[in-house]
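Visitor: The structure is given below, and queries will be raised subsequently.
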Amino acid sequence: MKCPFVYADGHQCTGEVYRAGAYGRSDRFGAVDERGIRKIRLWCSEKNDHAGSVPSFEGKLRMEFYPDELHRRGLLAEAIALCENVCPESAVALP
Ligand SMILES: [Zn+2]
């Protein structure tokens with residue numbers, strides 16, 4: 001999927017997302033339930049996490065997206081497919 005990062009001057013990054021990770025409610029093995037995703041972090045082929053040369057809290061936040069945000073842009077399904085730590089709903093045994 002195309003990198004959803006937008007630069008301050010308004011142009012969108014031309015990189016491809018090669019990796020994603022989900023944050024949210026997870027089971028004891030660390031896998032996040034698809035319905036429990038709170039945020040998704042992306043890494044792109046051009047700038048990785050777009051954090052720049054000085055890693056900072058603000059930098060890290062640049063490539064973290066809320067599921068709603070990705071959904072609005074039509075990217076949620078692709079982002080979830082790239083997540084290494086998301087297990088499909090059916091595979092999650094809820095307590
Ligand atoms: Zn990018």
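Visitor: So what J values fall out for segment 15-29 if you push phi through Karplus, 6.51 cos²θ - 1.76 cosθ + 1.60 with θ = phi - 60°, rounded to Hz, Gly and Pro as x?
Guide: Going residue by residue, I get x, 10, 6, 10, 8, 8, x, 9, 10, x, 5, 10, 7, 5, 9 Hz, with x marking Gly and Pro.
Visitor: Each residue of segment 35-48 in turn: what ³J(HN,Hα) in whole Hz from Karplus with 6.51, -1.76, 1.60 and θ = phi - 60°, glycine and Pro shown as x?
Guide: Residue by residue, segment 35-48 yields 6, x, 5, 9, 8, 10, 9, 10, 10, 10, 5, 8, 10, 6 Hz.
Visitor: Going by amide H atoms built from the backbone, whose H comes under 5 Å of the H on E34, apart from near neighbours?
Guide: The answer is C87, E89.
Throughout, read-outs are computed from the coordinates displayed, never taken from laboratory work. The structure displayed is predicted, hence computed values, not measured ones.
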